[in-house]
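The values are calculated or read from the model by the stated rules, or taken from the named source; none is laboratory data. For clarity, every value in this text was computed on a predicted model and none was experimentally measured. Every residue, glycine as well, gets a Cβ built from its backbone with ideal geometry; the counts of neighbours run over all protein chains shown.
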Amino acid sequence: MTLVINRKNDKTHAALLENGKLTEIYFPDDEESVAGSIFVGRIEKSVPALEAAFVKLSNNENGFLRLKDIRPEYLETFGLKKLQEGQKVLVQIKKEGGQTKGPQVTTNISLPGRYVVLMPFSRSIGVSRKIQDSEDRNRLKELGLKLREKYSCGFIIRTAAAEATEQHIYEESELLIAKWSELVKEFKKAKKVKLLYKESDSDEFLLREFLKQGVDEVVTNSPTYKELIRNYSKNIRIRVIDGDAFEELGINEELKRVLNRHIPLPSGGEIVIDKTEAMVVIDVNSGHFTTTSDHEELSEQINAEAAVEIARILRLRNLGGIIIID
């Protein structure tokens, strides 16, 4: 698998190629995302009927906080019996708001790393479902229990941990604990609502999410990424090229193709994609497929090709919700 990192107009784009075929793409949002950001907020109003409160944030929005989701560990950490109007509160954006409503916030803070996710107010240990080998799952579960015993926090073991050494996982856990301790200190000192932590669109975010298991080569037009990547893995091949990396590897051309309404299949059939407010409708046509006279064999081959291609396109175009395939 090849990770392509393209630096253009002071923005970083990324793509994943599996066997030379585009499978994932990343473009930074034109509007900065606040999901995952951590704020010092202040409880503006409690609404007992909803078992919720509205929390004032530093971006002039009021976040919606479900009071029943607050863990006892959160209250104990800050010496509280319960949350009241006027109190400051440490919250994380769980879901971004829309045009008519503010974001959902939570006190169940999580700090993601490449190998683990730290959950300071939890004691649970989870292992990524993508790790299917039973020996790896058992080994990482045991490691997670050791981390919980050492730090008194919950952890989720991520997919990349399957190929990491225990030393690397412990080192990252130490860094996340140190980051968390610093956030708690800043929160306790804060007098006003403010943003404490934001990571989206950073180089750290990009490499953590895209330098995943199976990536054996990185192609980039920015030499600065060479050292950053070496911090994550010393075994990955790195190729630095001149010019636009997406143009060089045909990624821009492939993106134009998959954004079309009609998308051809290798053997002559095609996929037709229509997106409405309510759902996504995908039609699979045999087109001019004529290599076999057997209708059943024809349908099976077209559908097999379409199943693979549709899964890829849904990822690339970030399509979700109700999807109907004919």
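Odds and ends about this structure:
- The single residue among LYS146, LYS212 that is more than 30 Å from ARG7 (Cα to Cα) and not aliphatic (A, V, I, L, M) turns out to be LYS146.
- GLU76 vs. criteria more than 20 Å from VAL34 (Cα to Cα), at pLDDT 90 or above and either of a type outside the set (Ser, Thr, Tyr) or not assigned by TED's automatic domain parsing to the domain that holds LYS188 (or both): no
- Only one of PHE121, PHE155 that is among the hydrophobic types (A, V, I, L, M, F, W, C) and modelled with pLDDT of 95 or more: PHE155
- Any hit, the range 16-35, residues being closer than 29 Å to SER181 by Cβ and of a type in the set (A, V, I, L, M, F, W, C): yes
- Residue within the range 138-150 that is more than 19 Å from the chain's Cα centre (by Cα) and touching a residue at least 60 places away in the same chain (Cβ under 8 Å) present: no
- Take the conditions (1) in contact with a helix residue (DSSP H, G or I) (Cβ under 6 Å, 6 or more places away or on another chain); (2) crowded, with 21+ Cβ neighbours inside 10 Å; ARG158 misses just one of them, which is (1).
- In the range 45-103, the residues that are without any contact (Cβ under 8 Å) to a residue 40 or more places away in the chain, among the small types (Gly, Ala, Ser) and surrounded by 12 or more Cβ atoms within 10 Å (Cβ to Cβ): SER46, ALA52, ALA53, GLY97
- Residues within the range 168-195 that are in contact (Cβ under 8 Å) with a residue 60 or more places away in the chain and among the aromatic types (Phe, Trp, Tyr), tallied: 2
- If the condition is being of a type in the set (A, V, I, L, M) and modelled with pLDDT of 80 or more, then the range 201-244 contributes VAL215, VAL218, VAL219, ILE236, ILE238, VAL240, ILE241.
- The criterion of at least 3 residues that are under 25 Å from the mean Cα position of the chain (by Cα) is met by the following strands (runs of 3 or more DSSP E) wholly inside the range 41-104: 62-66, 88-95.
- Output for the range 196-223, where each listed residue is free of Cβ contacts under 8 Å to residues at least 60 places away in the same chain and hydroxyl-bearing (Ser, Thr, Tyr): SER202
- Considering the range 270-283, the residues that are touching a strand residue (DSSP E or B) at 6+ places or on another chain (Cβ under 6 Å) and not acidic (Asp, Glu) include one that is modelled with the lowest pLDDT, namely ILE271.
Matching residues to (1) surrounded by 14 or more Cβ atoms within 10 Å (Cβ to Cβ); (2) closer than 23 Å to ASN19 by Cα:
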site	(1), (2)
PHE205	yes, no
LYS212	yes, yes
VAL215	yes, yes
VAL218	yes, yes
LEU228	yes, no
GLU247	no, yes
GLU253	no, yes
GLY269	yes, yes
ILE273	yes, no
